[in-house]
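Read-outs: derived from the displayed coordinates by stated rules, not from any lab. Nothing here was measured: the structure is a model prediction, and the numbers come from that model. Positions of Cβ are generated from backbone atoms using ideal geometry, with glycine treated the same way; all protein chains shown enter the neighbour counts.
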């Protein structure tokens, strides 16, 4: 299927690359690396990576603005369903390709490459480049590395397989990725975010069955001088708390009039709960967007029931989860 994708890329002079709303490093890295690879391979093509950005990930690259895209190709990365595509409508394009690593939700593209066992969308783009005539260089390789280590939490998740490490080894060998620079850019944070992390740890509520959650209101974000994207992306910082099976950040996003919910798990499957609330994702990493804190807390209650069943099914001691 990679060759079919390459043929479609070769066929169109204008290519737009989109991803899901609520940008994260993997989604942004995947679209920017693919854009730059196509432009490197075909210098005369017009290639755009679009969507709402954030200063938090400006080190990954710059997004584009485009007004005219008639008779063009749309490539959607890291997005399983139409409603979550940022800044693009499938119906506006002549041909559509989906490249994704989430569980299947709906078909919306002419070509759908879904590898839900991949660690990240960036891993699939790495494989696409290696298996076609698309070109790569050190800058593109480092962008892809940002995406992969972010979505795998530095290779900590079971989604990292022998294929993952083989691809990374190949890119390290071929392009001399500056690992120290990549990790510093991705994990270096201002002191106000560290202070917010302390606030979250001190104020997180834990339910009877091991769901840890925190409301990060707009007032809290203002107090600690962070935006909603920075606050929500702290979710991966709390994955080693013994008493917690599932942890949730509930972040108020005043600018977009919504409540953003990020959910992570170290056992119970959580994506079905997210899907019930206009969200979705992976079994152990999902998210949703709701309108009120009341609905957000109802999600916490549903997750608590999921954890209760998980504890019973796996004969766990609730005192020491």
Legend entry - Enclosed volume per residue, in Å³, of the convex hull spanned by Cα atoms of region 192-313: 91
Legend entry - the chain - mean residue ellipticity at 222 nm from DSSP helices (-39,500 (n - 2.57) per run, n ≥ 4, rounded to 500): -12000 deg cm²/dmol
Legend entry - Globularity index of region 143-262, i.e. its alpha-carbon radius of gyration over 2.2 N^0.38 Å: 1.23
Inset, instruction - Take the Cα radius of gyration of region 30-150 and divide it by 2.2 N^0.38 Å, with N its residue count; two decimals is plenty. - result: 1.01
Inset, instruction - Specify the angular offset, from 0 to 90 degrees and rounded to the nearest 10, of the alpha carbon long axis of helix 121-130 from the longest principal axis of the alpha carbons in the chain. - result: 30
Inset, instruction - In whole Å, largest first, what are the principal axis extents of the Cα atoms in the chain? - result: 60, 40, 40
Legend entry - Ranking of 169, 30, 286 by count of other Cβ atoms within 10 Å, fewest first: 169, 286, 30
Legend entry - Whole-Å distance, taken between Cα centres, linking region 154-216 and region 62-117: 26
Legend entry - region 63-220 pair-distance distribution - Cα-Cα, 10 Å bins, rounded %: 9, 27, 31, 25, 8, 0
